[in-house]
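Let me begin by presenting the structure, written as structure tokens, before commenting on it.
The values are calculated or read from the model by the stated rules, or taken from the named source; none is laboratory data. Just so it is clear, the model here is predicted, and its values are computed rather than measured. Neighbour counts are summed over all protein chains in view; Cβ atoms, including those assigned to glycine, are modelled from backbone coordinates with ideal geometry. Quick note on the areas: whole protein, heavy atoms, side chains included, nothing else; ligands and nucleic acids left out. Shrake-Rupley method; radii C 1.70, N 1.55, O 1.52, S 1.80 Å.
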Amino acid sequence: MTGCDRCHRRLGDGGATKTDLRWTLLIMLVLIVGQCSPQMAGGGRRRNRSERCPRVRAMRNFDLPAMMGNWYVIQYFASSETLPEYSCMRSSFTTTDGFVTMNFTYYYSDDPLRNFQQGNITWVIPNFAQPAHWIHAEFTYEEIYNTYVIDTDYKSWGLIMHCAEKTKAQKYLSALMLSRTPDLTQNVVNFLREKLPRYDIDLSTMFGIPQGNCSALEGEQDPKKYFKYETL
């Protein structure tokens, strides 16, 4: 092999190396752009954990009709509240045409006049293959507000949680521990509470809701009659 041949061989090898390098750089660029695009789509700012809703595992093989009916709210958590505020909270669930509605009643614990409070929430079931996941049907909530049935035995106890993501703000979390009767045994309470920390629920601010002395006094509007708790 002459010196000139050796020279051409080296130049040919060098050309192949540069081509490989260009392809490598191109692939790396595509990967970087792909990773950045979700952040760019969200306004160039990636949400941190305090703003993102956790990945929630809704109950499998959920029987929606069996969940309906009347419940006492035994314990309550809301990320926006740091003190117990409610007493005598009850709820009734109904479902029709792919919607779930919860009517609820309560008193404020520090209200000496015991003014009767009431409200309702309506959800839509986005995927009937996962009936334990509901999304708020009202448009008054900013962005998507998800509700999940975490667990229930239908006859005695239930546990649901909500999470909403807000633009440039911390997420809103809440959870309700439900019972068909005014109280639950402590082992059931512990069993249900243990399911919540994985979803960023702070158990130190999950408060019990007193269910004693809840009968309407003379002249007061009776929540039982208002939502027909005894007949649903």
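A few comments on the model shown:
- 3J(HN,Hα) along the range 61-76: 6, 6, 9, 4, x, 5, 7, 6, x, 9, 9, 8, 8, 8, 9, 9 Hz, from the Karplus curve 6.51 cos²θ - 1.76 cosθ + 1.60 with θ = phi - 60°, whole Hz, x for Gly and Pro.
- The listed residues Glu81, Glu138, once ranked by accessible area (1.4 Å probe) with the largest placed first, stand as Glu138, Glu81.
- With protein chains left intact and a 1.4 Å probe, residues in the range 64-223 average 49 Å² of accessible area per residue.
- Taken along the Cα-to-beta-carbon direction at a fixed 7 Å, the label points for Asp153 and Phe99 span 3.3 nm.
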